[in-house]
Amino acid sequence: MSKFETFDFNQAIPIISEDTEFFPLLTQQDEDEMSNAEIPESLSILPLRNTVLFPGVVIPITVGRDKSIKLVKEAYKGDKTIGVVSQIDMQVEDPAFDQLNTTGTVAHIIKVLQMPDGNTTVIIQGKQRFTLLEELQHEPYIKAKVERLNETKPVVNKEFKALIASLKELALQIIQLSPSLPSEAGIAIKNIESPSFLVNFISSNISVELERKQQLLEILDLEERAKLLLEFLTTEIQLLELKHQIQNKVRVDLDKQQRDYYLNQQLKTIQEELGGSNPDLELEDLAKRARTKKWKPEVSAHFQKELEKLGRINPAAADYSVQLNYLELLLDLPWNEFSKDNFDLARAQKVLNKDHYGLEKVKQRIIEYLAVLKLKNDMKAPILCLVGPPGVGKTSLGKSIAKALGRKYTRMALGGVRDEAEIRGHRKTYIGAMPGRIIQSLKKAGSSNPVFVLDEIDKMSNDFKGDPSSALLEVLDPEQNTSFYDHYVEMEYDLSKVMFIATANSLNSIQPALLDRMEIIEVNGYTIEEKVEIAKKHLLPKQRETHGVETKQVALKNKIIEKVIEEYTRESGVRGLEKKIGSIVRGIATRIVMETPYQANISEQLVEEILGAPIFDKDMYENNHVAGVVTGLAWTSVGGDILFIESSLSPGKGKLTLTGNLGDVMKESAAIAMAYLRAHAEDFDIDYKILDQWDVHIHVPAGATPKDGPSAGVTMLTALTSLFTQRKVKEKLAMTGEITLRGKVLPVGGIKEKILAAKRANIKDIILCKSNQKDILEIKEDYIKDLNFHYVSEMHEVIKLSLLPNKVKNARDLNREGK
């Protein structure tokens, strides 16, 4: 015989027959010879994925792994003896030694066939059980040291004979009930005389999991193995009989409609036998839950209609789960379910004051809402929009309001949302459809009147999927949100009792129509005094608790907190301050654990040791005693700041040059200031002719930082007037405001932040538009007691207040000398 034979379909091996060459039936003599045969101390191991080889049984296997093919080739050239072991996990492509079962079977290679599709089929016969002891090699294939396992022979008595007879009988019944099994298998089982081979033969062909077959292989006691096999056969025969019962119950003509009914009945019967879910029980449960809901008549009617629709859908159809999920959402939504408001205004005031220091306008608005709600007992919730720089407590204020009102709290982050379906949901006919996040949040809150925070409403965007800010118009309009329509729910939902609180850093990017729906409340930056109180009452206790440090182990005096605020942070809020305090507390925690001596009252030296050298230097805010340089006040996204407007003259033709990364608004302010100065040169004792003989260069330092806004108009004009008259600006003076060509001073925003920036810079005098006087009145008097405010409405007032008397030659004198 050649080493490899080509498979001939005309001489195909029969599955099982009495006279087949490759599936012989063992005689008792053959079995005795096999059991007494010696096995080598070491064997080449062939891992099998999805089958178990039993002694005496002949099976064909297809080998595809390179290692397995190499092993078979070399073994077939030699003594044709290998060790066959099943894998623990059949998904592993290249199993290691410890990923194999420890019990296997010595196999003899009968024949190797090369199939037409290129695969190699090996016909092997099991000989003797063995156990793996240790791995001898892993490459090019596994070779292991093995030890023989001997089967324990039982006492052949009546009980054992009855057991073997039962095995034969059940095996024959299974062959009869399974049309896929050939009748030749029954002939083979009838002719098997050896009990051991019978058990092995049936174990090899029984339809059970691989783990159970391995369990049978590992049992050495023949009688015990036969009993376990009988149990497996009994279970299999019961399943086959149950299958026939189900088929007999639902036997009808198999046209399409009757076929669907047939499959449905089968599914129901199987579910009943398994004790699983029953569609009829699901419908009954949904109807029972619906009876407890506080629905309006139209909602109840809609639910009943959809429930009847579910009853008509085949439970095996894909639409069934879609409809079921929809009905469960309707049941989970808190229709007309409200949490009870706590009308104790004193308690609400106490909660708000405890959680947040300052923010008086917001607190007052909440108390007003509670008061009116208590009197009227039915009021549409306000749509509040808290606008302010990062870190001032806008989002956390929502939690405090919910606690003060005794309501549920939910939050929806709008940053980056650009799909309208995020707000209104998808139509439930689409695959993967779901309700919008408004409805999802209400379902999660379990109440129809929660405090609902719409975080970062200014960070929404839009694309081809729609404009979510437009979808929010219905949500935030008190006249429309009584009947909010979600595409998935397909029913109007009342949002009028929900207290929406939106947060934003800036109003510029919010759609005007959406902005009109909300009540704007500015949450401005904190003064140094407010930050000190917040750090003492909130930030330091929070950081001590977070880092496991006791109160007595770390304390920060007001002076130390002020140092951290002024020299290590530059912000309107307190987020950066909290991080720095956290760094200090961690530094103390390290010293506590390492038992390094330190003072509980933190000193300035220890602060610099933990936080490093100061980041911000107050000296950068000192005035420049040069004509043409003016200090302005600006608003930034992190609060207020000061900026210098520098100007210089050079001989030329009256050209105006602007530098410093300025935006269009600031460039226009400079052009207006120059035009006003040309028109009113005589009013400021300037010869208008020299304006065409000197070039002007205006620069705003920190050129890498973009700057824009209307606040620098008065500063530009003051700088130009100072430059051409050579009158210096007064010390510790700053200003903000816009101008017109007529010389009018217009009001600007961000006054509180700008005032805080001026105070940090040690500025004493501030020039503002008269219309901004109301903004100063909103700031606590204690915080601005060291500042002097000058309110103006005309530009000549600004020049009069800001410039010192002339003690040097002005531009007119310089021009005359130039002539």
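The values are calculated or read from the model by the stated rules, or taken from the named source; none is laboratory data. Worth saying up front: this structure is predicted, and the values here are computed from it rather than measured. Reconstructed Cβ throughout: ideal geometry from the backbone, glycine too, with neighbour counts over all protein chains shown.
List of remarks:
Here's the yes/no breakdown for (1) part of a helix (DSSP H, G or I); (2) within 24 Å of Ile642 (Cα to Cα); (3) in the same structural domain as Val748 (by TED's automatic domain parsing); (4) at pLDDT 85 or above:
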site	(1), (2), (3), (4)
Val665	yes, yes, yes, yes
Glu668	yes, yes, yes, yes
Met674	yes, yes, yes, yes
Asp683	yes, no, yes, no
Ile686	no, no, yes, no
Leu691	yes, no, yes, no
Val696	no, yes, yes, yes
Pro701	no, yes, yes, no
Ala704	no, yes, yes, no
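- Scanning region 462-497 for residues that are polar (S, T, N, Q), free of Cβ contacts under 8 Å to residues at least 40 places away in the same chain and under 13 Å from Ile423 (Cβ atoms) gives a single hit, Asn481.
- The residues listed here are Ile755, Ile751, Ile698; of these, the one that is under 21 Å from Leu804 (Cβ atoms) and of a type outside the set (Ser, Thr, Tyr) is Ile698.
- Members of region 449-481 found to be modelled with pLDDT of 85 or more, of a type outside the set (Asp, Glu) and touching a Ser or Thr at 6+ places or on another chain (Cβ under 9 Å), listed by number: Asn449, Pro450, Val451, Phe452, Val453, Leu454, Ile457, Lys459
- Residue count, region 470-481 (criterion: closer than 27 Å to Ser400 by Cβ and of a type outside the set (Asp, Glu)): 5
- For the residues Glu490, Glu533, the requirement of being at pLDDT 85 or above and in a loop (DSSP other than H, G, I, E, B) singles out Glu490.
- Among the residues of region 161-177, the one identified as surrounded by fewer than 16 Cβ atoms within 10 Å (Cβ to Cβ) and touching an Asp or Glu at 6+ places or on another chain (Cβ under 9 Å) is Leu177.
- Residue in region 359-378 that is loosely packed, with under 14 Cβ neighbours inside 10 Å, assigned to a loop (DSSP other than H, G, I, E, B) and of a type outside the set (Lys, Arg) present: yes
- Region 110-169, subset in contact with a Lys or Arg (Cβ under 9 Å, 6 or more places away or on another chain) and of a type in the set (Phe, Trp, Tyr), residue modelled with the highest pLDDT: Phe130
- Qualifying residue in region 784-805 (condition: assigned to a helix (DSSP H, G or I), surrounded by fewer than 18 Cβ atoms within 10 Å (Cβ to Cβ) and at pLDDT below 85): no
- Residue check for Gly466: closer than 20 Å to Asp332 by Cβ and small (Gly, Ala, Ser): no
- Condition check for Ile174: free of Cβ contacts under 8 Å to residues at least 60 places away in the same chain and in contact with a helix residue (DSSP H, G or I) (Cβ under 7 Å, 6 or more places away or on another chain): no
- Verdict on Met666 being aliphatic (A, V, I, L, M), in contact with a Lys or Arg (Cβ under 8 Å, 6 or more places away or on another chain), within 19 Å of Leu768 (Cα to Cα) and surrounded by 16 or more Cβ atoms within 10 Å (Cβ to Cβ): yes
- Filtered residues of region 388-423 (kept if touching a helix residue (DSSP H, G or I) at 6+ places or on another chain (Cβ under 8 Å), more than 20 Å from Arg437 (Cβ to Cβ) and not in a helix (DSSP H, G or I)): Gly388, Pro389, Pro390, Gly391
- Set side by side, the residues Ala96, Ala75 differ, and just one is within 53 Å of the chain's Cα centre (by Cα) and closer than 18 Å to Gln137 by Cβ, which is Ala96.
- Exactly one residue out of Ile59, Ile39 is of a type in the set (A, V, I, L, M, F, W, C), in the same structural domain as Ile124 (by TED's automatic domain parsing) and modelled with pLDDT under 85, and it is Ile39.
- Within region 403-428, the residues that satisfy the criterion of being among the basic types (Lys, Arg) and over 15 Å from Val475 (Cα atoms) are Lys403, Arg407, Lys408, Arg418, Arg427, Lys428.
- The set of residues from region 80-94 being at pLDDT below 90 and either over 15 Å from Val122 (Cβ atoms) or in the same structural domain as Glu218 (by TED's automatic domain parsing) (or both) comprises Ile88, Asp89, Met90, Gln91, Val92, Glu93, Asp94.
- Complete set of residues in region 508-522 that are surrounded by fewer than 22 Cβ atoms within 10 Å (Cβ to Cβ) and either under 18 Å from Leu359 (Cβ atoms) or not assigned by TED's automatic domain parsing to the domain that holds Leu359 (or both): Glu519, Ile520, Ile521, Glu522
- A residue that is basic (Lys, Arg), outside any helix (DSSP H, G or I) and at pLDDT 85 or above can be found somewhere in region 427-438.
Residues checked against (1) surrounded by 12 or more Cβ atoms within 10 Å (Cβ to Cβ); (2) modelled with pLDDT of 85 or more; (3) among the aliphatic types (A, V, I, L, M); (4) in the same structural domain as Ile431 (by TED's automatic domain parsing):
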site: Leu274; (1), (2), (3), (4): no, no, yes, no
site: Asn278; (1), (2), (3), (4): yes, no, no, no
site: Glu282; (1), (2), (3), (4): yes, no, no, no
site: Asp285; (1), (2), (3), (4): yes, no, no, no
site: Pro297; (1), (2), (3), (4): no, yes, no, no
site: Lys305; (1), (2), (3), (4): no, yes, no, no
site: Gly311; (1), (2), (3), (4): yes, no, no, no
site: Ala318; (1), (2), (3), (4): no, no, yes, no
